[in-house]
1. Would you please list the contacts, defined by Cβ atoms under 9 Å and residues six or more apart or on different chains, that run from a residue in the range 219-235 that is among the charged types (D, E, K, R) to a residue that is part of a loop (DSSP other than H, G, I, E, B) and surrounded by 12 or more Cβ atoms within 10 Å (Cβ to Cβ)?
2. Condition test on ARG68, is it more than 16 Å from ligand 1 (Cβ to nearest atom) and of a type outside the set (Val, Ile, Thr)?
3. Would you mind telling me which numbered condition in (1) in contact with a helix residue (DSSP H, G or I) (Cβ under 7 Å, 6 or more places away or on another chain); (2) of a type in the set (A, V, I, L, M); (3) surrounded by fewer than 16 Cβ atoms within 10 Å (Cβ to Cβ) MET162 fails?
4. Given the criterion buried (at least 22 other Cβ atoms within 10 Å of the Cβ), within 22 Å of GLU170 (Cβ to Cβ) and charged (D, E, K, R), identify the matching residue among LYS29, LYS22, LYS46.
5. Restricting to the range 186-239, what's the tally of residues that are among the basic types (Lys, Arg) and under 17 Å from VAL26 (Cα atoms)?
6. Run SER121 past the list (1) more than 16 Å from ligand 2 (Cβ to nearest atom); (2) touching a residue at least 12 places away in the same chain (Cβ under 8 Å) and report the number of the one that doesn't hold.
7. Can you list the strands (runs of 3 or more DSSP E) lying wholly within the range 1-115 that have 3 or more residues being under 14 Å from the mean Cα position of the chain (by Cα)?
8. On the basis of being more than 12 Å from ligand 1 (Cβ to nearest atom) and assigned to a strand (DSSP E or B), does THR211 make the cut?
Amino acid sequence: MVERVESGIKGFDKLVNGGIPKNSLVIVKGGPGTGKTTFCLQFLVKGIENGEKCVMLTTEEGNGKLFRIAKNFGWELEKWKKEKKLAILSYDGENIRKILNELKRVVKSTKASRVVIDSLSTISVYATAYVNIGELSIKDVIDETTVFSSPIIGDEIRRRSMHRIMRELERLDATILMTSEDLDYDKISDFLCDGLIKLDMEAISSALQRTLRVVKMRGTNMDGSVRDMEITNKGIVVY
Ligand SMILES: Nc1ncnc2c1ncn2[C@@H]1O[C@H](COP(=O)(O)OP(=O)(O)O)[C@@H](O)[C@H]1O
Ligand SMILES: [Mg+2]
């Protein structure tokens, strides 16, 4: 029997046969304003309600802004942070090794079972610093038929760095949600993750139609159809 984690998103769990398989590495992908941060916060709120410890690594919003976004839905991040139910780490693009080590340390020491990384796209911008270039020989990166070109090398280093980062996250004893903007350079993570949830929105005449689709979820049956979704003042609802 697969152990499952309640997402906390109304209407979502039935799409993945009752919940996200425990300790999955799941990407929540979509353009700006599609609800990625809200989805992830709602997942953490469920954890807090269940008495689970949670960790959030944020690269996008300053803490103040994050607190305001959450408060809009009635979620008391600041209070939970003070009560040590939730740890919030901020990453400003400086030292990728340092922040990932810090994340691993905090997850282990708090025994957190839910982790959010918002956003993985920002991590992947700086990911190349995670692989020591000295470890890569040119022969390793290109074969004899490939013409030497620095973008190829750069992409390969990024690919390997993301691979290594995701493998290390996978070893944590926690269910991890990561947000991703739909950008070309971090496509590799779509293949490496266990689950991929795609958020979208479209303006139809005067109305905004939001949708959600489970693209993949390893270890479970799933409904991969496009579902309508709404962001209400209590969070995301999937229909
Ligand atoms: N109380 C609310 N009711 C309806 N929609 C809301 C509410 N609060 C925020 N939103 C919508 O959610 C969107 C932000 O979602 P967010 O999770 O920050 O997106 P992303 O992280 O993908 O950029 C806003 O653009 C806004 O349209
Ligand atoms: Mg966001």
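1. Correct list of pairs: ASP223/ASN17; ARG227/GLY11; ARG227/PHE12; LYS234/PHE73.
2. The answer is no for ARG68.
3. Against the list (1) in contact with a helix residue (DSSP H, G or I) (Cβ under 7 Å, 6 or more places away or on another chain); (2) of a type in the set (A, V, I, L, M); (3) surrounded by fewer than 16 Cβ atoms within 10 Å (Cβ to Cβ), MET162 comes up short only on (3).
4. One residue alone meets the criteria, LYS29.
5. Residues flagged as among the basic types (Lys, Arg) and under 17 Å from VAL26 (Cα atoms) within the range 186-239 amount to 5.
6. Tallying (1) more than 16 Å from ligand 2 (Cβ to nearest atom); (2) touching a residue at least 12 places away in the same chain (Cβ under 8 Å), SER121 fails exactly one: (1).
7. Correct list: 25-29, 54-58.
8. Answer is yes for this residue.
The values are calculated or read from the model by the stated rules, or taken from the named source; none is laboratory data. If you're wondering where the values come from, they're calculated on a predicted model, not measured in any experiment. Note: ideal-geometry Cβ built from the backbone for every residue, glycine included; neighbour counts use all protein chains shown.
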